[in-house]
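Some notes on the structure that comes next.
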Amino acid sequence: MQRKDDNKATAAGDRRKPYGRRSWALGPALALMSALGGLAAGPVAAAQDIQQLGSYGDWRAYAYDEKGQKACYIASQPTKHEGDYKKRGEIYAMVTHRPGDKVRDEVSLAAGYRYKPETRVEVAIGGNKFELFPHEDTAWVPDSAGDKKLVAAMRAGSTMVVSGTSSRGTATKDTYSLTGFTKAYRAASKACGL
């Protein structure tokens, strides 16, 4: 599945397809899991040199070099996760900037399981609702304009609830605190010169 702005973005050097995004997301995901206690530091250091810019409430900001260009992101794990499951992998939300690729405010939500194909992931912040599309274990906003709207809602909100369905049909609901989101966002944006 492609985002609506894939053709323009690809021509501009932006990797908007989930397959391209997944390749760069591994390093930040490893760093996040390590920082949050999920992995040992060994694989992270091997993946890339990631600098933690700071902790802001329930969010952390990071910067790293990707192929000689600066990339920055913020991340958090849910404060509450619900669903009738026995085992679930790492769950986290990220907002990424890659200014060298003209990418800003790219939202990704890792579920800790493979999403059911042909479903949608719902995000609720206050009275705002957003529909994301899943690819494997991560949900993405359909286009960059939607990313910006979701980030604006995250900056203004206090909690974010993510609802999805696993490939086995298990419904889940993850609640994220947005405390510190704006400060973490500003730190990452500043580090990336935005």
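The values are calculated or read from the model by the stated rules, or taken from the named source; none is laboratory data. Computed from a predicted model, the values in this text were never measured in an experiment. Positions of Cβ are generated from backbone atoms using ideal geometry, with glycine treated the same way; all protein chains shown enter the neighbour counts.
Evaluated against (1) in contact with a Leu (Cβ under 7 Å, 6 or more places away or on another chain); (2) over 21 Å from Val162 (Cα atoms); (3) crowded, with 19+ Cβ neighbours inside 10 Å, Pro99 falls short on exactly one condition, (3). Just one residue in the set Ser144, Ser158 is over 16 Å from the mean Cα position of the chain (by Cα) and polar (S, T, N, Q); that residue is Ser158.
Within the option set Val123, Val141, Val103, Val151, being among the hydrophobic types (A, V, I, L, M, F, W, C), touching a His at 6+ places or on another chain (Cβ under 7 Å) and under 30 Å from Gly193 (Cβ atoms) holds for one residue only, Val103.
Count, please, the residues in the stretch 126-157 that happen to be touching a residue at least 40 places away in the same chain (Cβ under 8 Å) and closer than 23 Å to Asp84 by Cα. The qualifying residues number 5. Applying a threshold of 7 Å to beta carbon distances and a minimum spacing of six or more residues, or different chains, the list of pairs starting in the stretch 167-194 at a residue that is closer than 20 Å to Thr96 by Cα and at pLDDT below 95 and ending at one that is surrounded by fewer than 22 Cβ atoms within 10 Å (Cβ to Cβ) and basic (Lys, Arg) reads Leu194/Arg104.
What residue, among those in the stretch 61-86 that are basic (Lys, Arg) and touching a residue at least 60 places away in the same chain (Cβ under 8 Å), is nearest to Lys102 (Cα to Cα)? It comes out as Lys70.
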